[in-house]
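S.K.: One structure follows; several queries about it will come next.
The values are calculated or read from the model by the stated rules, or taken from the named source; none is laboratory data. Predicted, not measured: the structure shown is a model, and the values here were computed from it. Using ideal geometry, Cβ is built from the backbone for each residue, glycine included, and neighbour counts are taken over all protein chains shown.
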Amino acid sequence: ALNDDASEVRAEAATIAGKTLEPEEIIHELCRLLKDEDNQVRINTALALMKIEAISSVSNLKEALSLEHNDQVRSVIEVAINQLKKIG
C-alpha cells in the first residue's frame, strides 16, 4: 500500500504503518515517502515518523524540509523534527 498508485492509499498506509509496525521495519519506507509528490502523503509520513519516535529519521526530515515548498507540509515536518529532537 505504501507504493500504491493512489495518493490517498499511500497517505493512509503511512498513517497505519506508523501505528502498527515495528519502527525498524518501517522507518526506511517512511523516509522514502517524505519525497512523495502528494502533500498529504508527506504530512502523514512526517506525523508517522514522529509517532513512532523515529529519532534516526531526523536527518531525512531535515532534508525533506529543505526541499519542501508547501507551507502546510513544512509546518508539520518542523513539528516532527522538534518533537524528535526533544526525545533524542
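S.K.: Determine which member of the set VAL58, VAL73, VAL79 is modelled with pLDDT of 95 or more, in contact with a Leu (Cβ under 7 Å, 6 or more places away or on another chain) and of a type in the set (A, V, I, L, M, F, W, C).
M.R.: Just a single option satisfies the conditions, and that option is VAL58.
Residue by residue, here is whether (1) in a loop (DSSP other than H, G, I, E, B); (2) within 9 Å of the chain's Cα centre (by Cα) holds:
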position: GLU25; (1), (2): no, no
position: ASP36; (1), (2): yes, no
position: GLN40; (1), (2): no, no
position: ALA46; (1), (2): no, yes
position: MET50; (1), (2): no, yes
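S.K.: Filter segment 22-48 down to residues that are modelled with pLDDT of 90 or more and farther than 15 Å from ALA11 by Cβ and give me whichever is surrounded by the fewest Cβ atoms within 10 Å (Cβ to Cβ).
M.R.: CYS31
S.K.: Now, a different point. Which of the following residues is out of contact with any Cys (no Cβ under 6 Å at 6 or more places or on another chain) and modelled with pLDDT of 95 or more: LYS19, LYS51, LYS85?
M.R.: That would be LYS85, the only listed residue that is out of contact with any Cys (no Cβ under 6 Å at 6 or more places or on another chain) and modelled with pLDDT of 95 or more.
S.K.: What do you reckon, is ALA11 assigned to a helix (DSSP H, G or I), buried (at least 18 other Cβ atoms within 10 Å of the Cβ), hydrophobic (A, V, I, L, M, F, W, C) and in contact with a Lys or Arg (Cβ under 8 Å, 6 or more places away or on another chain)?
M.R.: When the stated conditions are applied, ALA11 does not pass them.
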